[in-house]
Structure formats: structure tokens, C-alpha cells
Amino acid sequence: MGFTDFLKNLKKTRVQSSEQDMPSHWIKCPKCNALMYYKEVFSKHHVCLKCHYHFRMGAQDRLEFLCDPQSFVEFDQELKPVDPLNFVDKESYKQRVKKYQAKTGRPSAVISGQGSVNGIGMQIVIFDFAFMGGSLGSVEGEKIVRAIQRAVSNSQALLIVSASGGARMQESTYSLMQMAKTSAALNRLAEAKLPFISLLTDPTFGGVSASFAFLGDLIIAEPGAMVGFAGARVIKQTIGAELPQGFQSTEFLLEHGLIDMIIHRKDLKKTISDLVGMLTENR
């Protein structure tokens with residue numbers, strides 16, 4: 001290797017190193033364009049200090065935010081996706097799963113377990129959008145059903161925090177069946193007269209929104225979250241008509257009676273615990 005090539009490689013290494021090591025200290029709000037120090041935003045639960053725009057929140061951050069310290073116990077960590085169809089698109093499904101498992105440090109797109117919110121115990125399911133867009137596959141459906149079964153056995157409420165692009169295409173019908181499977185399981189929760197709180201976050205789409213996410217006894221949403229079944233462009237092309245401005249925002253859904261309330265993130269924990277406490281006080 002010549003000296004010129006050595007300098008080129010050295011420069012390339014320095015650029016790559018600096019880009020990897022340098023943290024992003026500033027965050028720009030996509031709504032008001034305010035530039036803020038990232039630690040300030042994180043200290044406010046990922047909410048803009050100026051206009052209260054709700055940034056997307058990672059599954060682990062949301063878990064720590066909602067649950068009382070050291071109260072959450074995760075179940076079913078041994079469940080991992082399989083490849084029943086030997087599905088291959090740009091890469092095989094097996095490779096894709098391994099990639100996202102390495103990226104998130106989790107076996108699937110759902111965290112499921114038992115925790116307490118302001119001292120009230122409940123079964124909690126949280127979708128991790130970083131894992132294949134929080135898509136609903138066989139493992140995710142099974143974890144939700146097992147959480148419902150634990151809720152019935154322990155006479156506890158169920159909280160599901162949705163953040164998903166919908167059904168997982170790589171599992172085809174296996175994924176679509178999870179919509180029916182989880183909906184049927186929720187009927188057993190209703191028969192036991194136990195509350196199901198559904199929290200919609202940005203984004204909640206596809207098969208998730210078309211099944212359990214809208215079956216909650218109370219459907220809560222975060223401000224500005226996008227919720228729907230298909231994308232706006234697909235809907236417009238299908239029905240051939242102009243769509244109302246912001247028709248997939250939670251504010252539009254609340255105005256048209258599709259959800260029960262929109263709660264600022266700072267008030268979520270108290271709201272959830274108050275609602276569950278009220279609905280289970282005689283049990």
C-alpha cells in the first residue's frame with residue numbers, strides 16, 4: 001500500500017470514527033422547529049419544551065416511564081419468531097429477525113410482563129417499533145394472549161401500548177390470524193369483567209389498529225399520534241376522493257368519537273392508574 005493510499009484510509013477512518021463517536025446533542029422539533037438540548041427533551045419524557053410535540057418514545061424508555069421502579073417482571077422472553085414459510089424478499093426472514101434482535105437486544109417486537117403503575121398491579125404489553133416496525137407476528141400474538149390469561153388468573157387489568165405498522169407480511173396468514181386470536185382472548189377478559197386499557201401511540205396502523213387496539217374498554221391516545229388502517233395515499237387511490245385534513249390524527253379521531261381521550265404524556269401514568277383503580281376497586 002502506497003503512502004497516498006495510507007493517507008486516504010487514515011482520513012476515512014477518522015471520519016467514520018468521529019461520526020460514530022459524536023453524540024447528537026441537539027434535537028430539532030419537527031412541528032415548531034425549535035432547537036433543544038437533547039437531555040432537556042428526554043427529561044420531559046421526549047416532549048418538546050416549546051410546543052409540546054410528542055416525539056416517538058422507545059419501548060424501554062416507555063416501560064421505565066410508566067412502571068414503578070423495579071416493579072416490572074418480564075415473561076415469555078424465550079418466545080422467538082420462526083420462519084414457517086421460508087420467506088425471502090430482499091433478504092430472508094430469518095436474517096431479518098436476527099438483525100433486529102441484535103439491534104434491539106430483544107427476541108421480538110413485544111415486551112410483555114407484570115408491573116405496577118402508581119402501586120396498582122396490572123399486566124402490561126408494550127410494542128417496540130424499532131423491531132421490524134412493531135409488526136404483529138405469531139410470537140407477538142402469543143405474548144398478548146398469555147398476558148390476557150395472566151390478567152384473568154390474577155384478576156388484574158390489562159394495558160397494551162401499541163406502536164405498530166400492522167401485520168407482519170413475512171408470516172402471511174399466520175400473522176393475520178393473530179388479529180382473531182387476540183380479539184377472542186380479549187373476550188375472556190371481558191367475561192371476567194376486567195378492564196382493558198388500550199394506549200395508542202405514534203404510529204398505530206394496519207392489523208393492530210383493526211383488532212385489539214380498538215377493542216379497549218377505554219381507548220387513550222397521545223397528542224398528535226397517527227392512527228389508522230392504511231396510508232392516506234392508498235385510501236385516496238382506493239376511494240377516489242379527497243380526504244379530510246389530518247383525518248388520521250388522534251385529534252380527528254377524538255372529534256369523531258373513535259377514541260375516548262387524548263392525554264399528555266406527563267399525565268399518562270396518573271390517568272392510567274386512576275382509571276384502573278376506579279374500574280377494579282370492588283374486586
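Looking only at residues in the stretch 245-283 that are among the basic types (Lys, Arg) and within 17 Å of LEU199 (Cβ to Cβ), the one that is surrounded by the most Cβ atoms within 10 Å (Cβ to Cβ) is ARG265. Selection of first residues in the stretch 146-168 that are without any contact (Cβ under 8 Å) to a residue 40 or more places away in the chain and of second residues that are open to solvent by 50 Å² or more (accessible area, probe 1.4 Å) and basic (Lys, Arg), restricted to Cβ pairs under 9 Å at least 6 apart or on distinct chains, gives the following pairs, ordered by first then second residue: GLN149/ARG188.
Might you check whether a residue that is of a type in the set (A, V, I, L, M, F, W, C), open to solvent by less than 70 Å² (accessible area, probe 1.4 Å), outside any loop (DSSP other than H, G, I, E, B) and farther than 30 Å from SER273 by Cα occurs anywhere in the stretch 87-102? Yes, the stretch 87-102 contains at least one residue that is of a type in the set (A, V, I, L, M, F, W, C), open to solvent by less than 70 Å² (accessible area, probe 1.4 Å), outside any loop (DSSP other than H, G, I, E, B) and farther than 30 Å from SER273 by Cα. Checking each residue in the stretch 66-81 for being closer than 25 Å to LYS94 by Cβ and not in a loop (DSSP other than H, G, I, E, B) picks out only GLU74.
Listed here are the residues, each with its yes/no results for (1) touching a Lys or Arg at 6+ places or on another chain (Cβ under 8 Å); (2) at pLDDT 95 or above.
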{"site": "SER211", "(1), (2)": "no, yes"}
{"site": "PHE214", "(1), (2)": "no, yes"}
{"site": "ILE220", "(1), (2)": "no, yes"}
{"site": "GLY224", "(1), (2)": "yes, yes"}
{"site": "VAL227", "(1), (2)": "no, yes"}
{"site": "GLY231", "(1), (2)": "no, no"}
{"site": "VAL234", "(1), (2)": "no, no"}
{"site": "ALA241", "(1), (2)": "no, no"}
{"site": "GLN245", "(1), (2)": "no, no"}
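Scoring CYS29 on the criteria (1) under 14 Å from the mean Cα position of the chain (by Cα); (2) farther than 28 Å from GLY207 by Cα leaves a single failure, condition (1).
Residues in the stretch 186-217 that are of a type in the set (A, V, I, L, M, F, W, C) and touching a residue at least 60 places away in the same chain (Cβ under 8 Å): how many? Reasoning before the result, please.
Taking the stretch 186-217 and keeping what is of a type in the set (A, V, I, L, M, F, W, C), we get 186, 189-190, 192, 194, 196-197, 199-200, 205, 208, 210, 212-215.
Filter again for touching a residue at least 60 places away in the same chain (Cβ under 8 Å), leaving 194, 197, 199, 208, 212.
Result for the stretch 186-217: 5.
Looking at ALA163, is it crowded, with 24+ Cβ neighbours inside 10 Å, outside any strand (DSSP E or B) and among the hydrophobic types (A, V, I, L, M, F, W, C)? It is false that ALA163 is crowded, with 24+ Cβ neighbours inside 10 Å, outside any strand (DSSP E or B) and among the hydrophobic types (A, V, I, L, M, F, W, C). Candidates GLN123, GLN149, GLN170: the one that is at pLDDT 95 or above, of a type outside the set (A, V, I, L, M, F, W, C), more than 17 Å from GLY206 (Cβ to Cβ) and open to solvent by 10 Å² or more (accessible area, probe 1.4 Å) is GLN149.
The values are calculated or read from the model by the stated rules, or taken from the named source; none is laboratory data. In this text, all values refer to a predicted model and were calculated from it rather than measured experimentally. Neighbour counts are summed over all protein chains in view; Cβ atoms, including those assigned to glycine, are modelled from backbone coordinates with ideal geometry. In case anyone asks, the SASA skips ligands and DNA or RNA and just uses the protein heavy atoms, side chains included. Shrake-Rupley method; radii C 1.70, N 1.55, O 1.52, S 1.80 Å.
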